[in-house]
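Asks: Quick one: structure below, then a few questions.
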Amino acid sequence: MNADGIIGTDGIGNTDVLVVGAGPTGLALAVDLARRGVDALVVERADGLFPGSRGKGIQPRTMEVFDDLGVLDAIRAAGGTYPVGMIWQDGKRVGEHQMFDPAEASGDSPYTEPWLVPQWRTQEILFARLAELGGKVAFGREVTGLTQDEDGVTVEFASGAPVRARYAVAADGGRSAVRRALGIGMAGETVDPNPMLVADVRITGLDRDNWHVFPPRGDDDGFLAICPLTGTEDFQVVAQFPEGTDVDLSLDGIRKVVDARSHLSPGDVTEVRWASDFRPRAAMADRFRAGRVFLAGDAAHVHSPAGGQGLNTSVQDAYNLGWKLGAVLRGGAPVALLDSYEEERLPVAADMLGLSTRVHRGEVRRGAATRQLGLGYRGRSLAVESRTDLPDDALHAGDRAPDGIRDGVRLFDAFRGPHWTLLTVATNTTLPPLPAVRTVRIPSYEAYGAGVFLVRPDGYVGWAGSTSQGLAEYATLVGLS
């Protein structure tokens, strides 16, 4: 491995976890595993990181994840808030368009709006963090076969030696080679039959203060949107075409689209840095696990880009799986803990797929649901609530643990890191000894009410009670005692 975290294609050998795919999902998972002392290797089919801006919106819940993974400062420095949409008609500005419903700031949620960072930059930041932690990535490694037994997984490649791992994670996109090798089906629907162009370009003649929107001029045209990418000199161009169109990704092709649908001239598009076309679809794998192999990100669920849910749901797959693999491999937790990954993430992915589709079709606006702060795991096997008669709007086991500052303690500062946190609020109950758990006591906080809360490494309440009775049994279940 060199100083940048890149290794060659030969002599890889064995590892605890093999992560297939060096996109946001795979890199986030590898970062989480590395900080837990888990030996993980990321392999990527391409010769380098993905070069495009496609998944450019980072939702508030993912900002919290990035805070915990140690990359938030870099993410904030690399991006900015979404620009106000500016609608154009016949070369004139005719009105503004707010892309998202506004959210009020609150003490329990430090991030209230999406943050715009091109996907390639997010990946660079995660890659740098992985290298800092001693993690490894091997590029040019195309998966050609996979077998598994009761002890591990063997993955073969088009070139280079096979890899033997105790577990493997498919984070290799919607056309996942690993998913196909496992024989896991993926069912879905076409969200929109009209093909889409997305490209990173250099443009003159447009300000960088607005997201420029050019509505269709006629029945045979689609829309054109041009968004400045903060922290770069690029704009992201998105254009829709009639069904059956063969989209031209060349510089001349993109110039023609911009010329036909806006007041800009062809020469105003000076460079195409990356371009792709796609048909918006929604699809989900039949299951997220087969033996010792897990599916995460686009390998498990494919979203329309509308609403910015795909990358965010994918990163949170990784965040959910990382601590569980770490607990089993390094923390002595029972292997059954890994069963909770599919149990928790599959329903969330299904909900987010539905939301993405509704946003794409204009049935709902981008608002509270797209920020993903309300997602949780109530009623799942790792959410144990021992209190009774709680109102629905009270904090329950399975809910995201709120931030806040009380008695000089900021809760997210206490939660940050690969540990569990035992939080007591307005109670002096005796706590069982849990050596690997950080304990925090605060006198009161209305967001929590009163009681004892065991907060998981991924920031959700695992166990909650009025006293600590029953906590020790839960701790055994998750490998804490």
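The values are calculated or read from the model by the stated rules, or taken from the named source; none is laboratory data. Just so it is clear, the structure is predicted and the values come from calculations on it, not from any experiment. Cβ: placed from backbone, ideal geometry, glycine included. Neighbour counts: every protein chain shown. All accessible areas refer to the heavy atoms of the entire protein, side chains included, with ligands and DNA or RNA removed. Shrake-Rupley method; radii C 1.70, N 1.55, O 1.52, S 1.80 Å.
Asks: Which of the trypsin sites (Lys or Arg not before Pro) found in region 220-307 are loop residues per DSSP with 15 or fewer other Cβ atoms within 10 Å of their Cβ?
Replies: Hits after loop and neighbour filter: Arg287.
Asks: Carbon and sulfur together cover what percent of the accessible area of region 90-233 at a 1.4 Å probe radius?
Replies: 44
Asks: When the dipole is taken about the Cα centre of the chain, and only Lys, Arg (+1) and Asp, Glu (-1) are charged at their Cβ, what size is it in debye, to the nearest 20?
Replies: Computed charge dipole of the chain: roughly 640 debye.
Asks: Additional query: Give me the Kirkwood hydrodynamic radius of region 25-88 in Å, from all C-alpha pairs, to one decimal place?
Replies: One over the average 1/r among Cα pairs gives 14.3 Å for region 25-88.
Asks: Which net charge results when you count Lys and Arg as +1 and Asp and Glu as -1 among the other residues whose beta-carbon is under 11 Å from that of Ala414?
Replies: +3
Asks: What order do you get for 236-244, 166-174, 342-350, 97-105 when each peptide is scored by the mean count of other beta carbon atoms within 10 Å, highest first?
Replies: 166-174, 342-350, 236-244, 97-105
Asks: Quick one: helix 60-69 against the long Cα principal axis of the chain, what's the angle to the nearest 10°, folded into 0 to 90?
Replies: Once rounded, one gets 60 degrees.
Asks: Using the crude model of +1 on Lys and Arg Cβ and -1 on Asp and Glu Cβ, and no other charge, please compute the dipole size for region 112-210 relative to its Cα centre, in debye to 20.
Replies: For this selection, approximately 300 debye.
Asks: OK, next. For region 244-314, what D do you get in µm² per second when you plug the Kirkwood radius from alpha-carbon pairs into Stokes-Einstein at 20 °C and 1.002 mPa s?
Replies: 141
Asks: Starting from the coordinates of the alpha-carbon atoms of region 358-481, obtain the Kirkwood hydrodynamic radius over all distinct pairs and give the value in Å to one decimal.
Replies: 15.3
Asks: So in region 1-149, what percent of DSSP beta bridges are antiparallel if you round to the nearest 5?
Replies: About 50 percent, rounded to the nearest 5.
Asks: Can I ask one more? Students often forget the sequence filter, so: which lysines lie under 25 Å Cα-Cα from Lys324 once same-chain residues fewer than 8 apart are removed?
Replies: Output for Lys324: Lys136.
Asks: Based on C-alpha coordinates, I'd like the Rg and Dmax of region 113-253, in Å.
Replies: In Å, with Rg to one decimal and Dmax whole: 20.7, 61.
Asks: Considering only DSSP beta bridges with both partners in the chain, what is the antiparallel share in %, to the nearest 5?
Replies: Of those bridges, close to 65 percent are antiparallel.
Asks: I would also like to ask the following. Region 134-175: which GluC sites (Glu not before Pro) are DSSP loop and have at most 12 other beta-carbon atoms within 10 angstrom?
Replies: Here the GluC sites (Glu not before Pro) that fit, given the DSSP loop and packing criteria, are Glu150.
Asks: Between helix 119-132 and the chain, what is the angle of the helix's C-alpha long axis to the longest principal axis, kept within 0 to 90° and rounded to the nearest 10?
Replies: Around 40 degrees separate the two axes.
Asks: Could you give the dipole magnitude of region 368-481 about its Cα centre, charging the beta-carbon of Lys and Arg +1 and that of Asp and Glu -1, in debye to the nearest 20?
Replies: 300
Asks: Next up: Return the whole-Å distance between the Cα centroid of region 372-451 and the Cα centroid of region 23-62.
Replies: Each part reduced to its Cα centre gives a spacing of 28 Å.
Asks: Would you calculate, for the chain, the mean residue ellipticity at 222 nm contributed by helices, counting each DSSP H stretch of 4 or more residues as -39,500 (n - 2.57) and dividing by all residues, to the nearest 500?
Replies: It lands at -7500 deg cm²/dmol.
Asks: Further, regarding this structure: Where does the Debye-calculated log10 I(q)/I(0) of region 8-146 sit at q = 0.10 Å⁻¹, using only Cα point scatterers of equal weight, no solvent?
Replies: Values, matching the q order: -0.44.
Asks: I'd like the accessible area for Ile87: 1.4 Å probe, protein heavy atoms, all chains in place, Å² to the nearest 10.
Replies: 50
Asks: Cβ neighbours within 10 Å, averaged per peptide: list 328-340, 393-405, 62-74 in order, most packed at the top.
Replies: 62-74, 393-405, 328-340
Asks: Quick one: what are the phi-derived ³J(HN,Hα) couplings along region 244-252, Karplus 6.51/-1.76/1.60 with θ = phi - 60°, whole Hz, x for glycine and proline?
Replies: Couplings: x, 6, 8, 6, 8, 8, 6, 4, 5 Hz.
Asks: Considering only DSSP beta bridges whose two residues both sit in region 411-481, what percent are antiparallel, to the nearest 5?
Replies: Just about 60 percent of them are antiparallel.
Asks: Once both axes come from the Cα atoms, what is the angle between helix 339-360 and the longest principal axis of the chain, in degrees from 0 to 90, rounded to 10?
Replies: 30
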